[in-house]
Structures are given as structure tokens and as C-alpha cells.
1. Quick one: what are the phi-derived ³J(HN,Hα) couplings along segment 7-13, Karplus 6.51/-1.76/1.60 with θ = phi - 60°, whole Hz, x for glycine and proline?
2. Under the 0.36 nm per residue contour assumption, what length would be gained going from the current alpha-carbon distance of Val71 and Asp3 to full extension?
3. At 222 nm, what helix-only mean residue ellipticity would the chain give, in deg cm²/dmol to the nearest 500, using -39500 (n - 2.57) for each DSSP H run of four or more?
4. Contact order normalised by length for the chain, with contacts defined as Cα pairs under 8 Å and 6 or more residues apart; what percent is it?
5. Using the Cα centre as the reference, give the magnitude of the dipole from point charges on the C-beta atoms of the chain (Lys, Arg: +1; Asp, Glu: -1; all else neutral), rounded to the nearest 20 debye.
6. Please state, rounded to one decimal and in Å, the Kirkwood hydrodynamic radius that segment 3-115 gives when every pair of distinct Cα atoms enters the mean of 1/r.
7. Report the full-extension gain for the segment Arg26 to Ala81: residue separation times 0.36 nm, less the Cα-Cα distance, to one decimal in nm.
8. Per residue of segment 84-94, what does 6.51 cos²θ - 1.76 cosθ + 1.60 with θ = phi - 60° give for ³J(HN,Hα)? Whole Hz please, x for Gly and Pro, Karplus curve as stated.
Amino acid sequence: MSDFEVRRETALRILKATGIPESNYRPPLLRLLWHLGFQVRPPHFAGFGATAVFAGTFSAIGWGALMWLLVWHNARWSPMAALGASAFGGACFGLLMSSYYARDRQKHRLPDWDSLGTTGLGQTPDTHRR
């Protein structure tokens, strides 16, 4: 098992023990990326900026495409106005999601990603124990 996989499994075990809903720390897009071999941290263990960019980008693409097909194209919006609105909406969503995960990380006193896996796969770091 790779170092990333050990840390990911430790992180998922810690997150499960906190009582956070699984859909919050293992969203479908993240599970798909893991299945495809991408080494993406669970959102509670990713940095603020990385989470904002990740969530904002996927939100802007999905929401922008949907809005273009259903509303903006028929309302004769220019493509640049649609791109701007998508980028703004994605940035707002990314910042909100990043703030949510940062608050949860602090609330549950989650350990740092780099400390995961250093105590072995079967144990949780002492920094998480209450």
C-alpha cells in the first residue's frame, strides 16, 4: 500500500469516528477520482486554497454548462458574460465549501495530513484522541 493510501485510509477512519456524514468526506466525485487513480486528499485534509479551487472549478463548469443550456443561451447572453457569471458563482461556491471544511477540521480537531500514517495503519494519531 502506498504512503498516500495509508494516509487516506487513516483519514477516512478518523472522519468516520467523528460522526461527520460519509457523503461529506467521501463525495461521489472524489470517489471517482480515487477510482481513476488520482491521489486527492479527503476535503477535510486538503488545504483551504486547494479545496476552494477544486470545488469552485467543478462547480463553475457544471453550473455554467447547465445554466447555458437551460437559461443563458435562450436569453441571448454573450459567451463572455456567461463565463464571467460561471466563474463568479464557482469562486463563491469554492470559498464557501473551503470555509465549511476548514470549520469542520477545526471543530473536530483533525490532525495534519502529514502526521497521518506515521503511527501505523491500525492506530489513530495521538493528536486526534480526546
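Every number in this text was worked out from the coordinates using simple rules, so none of it is lab data. What you are looking at is a predicted structure, and each value in this text was computed from that prediction instead of being measured. Glycine gets a Cβ as well: all are built from the backbone with ideal geometry, and neighbour counts include every protein chain shown.
1. 5, 4, 5, 5, 4, 5, 5
2. That pair, Val71 and Asp3, stretches by 19.9 nm at full extension.
3. Working: 5 runs with 77 residues, N = 130.
The helix contribution divided over the chain gives -19500 deg cm²/dmol.
4. Details: 112 pairs, mean separation 45.2, N = 130.
It comes to 35 percent, rounded to a whole number.
5. 320
6. That comes to 15.4 Å for segment 3-115.
7. Gain in length upon complete extension: 16.4 nm.
8. x, 5, 5, 5, 5, x, x, 5, 4, 4, x
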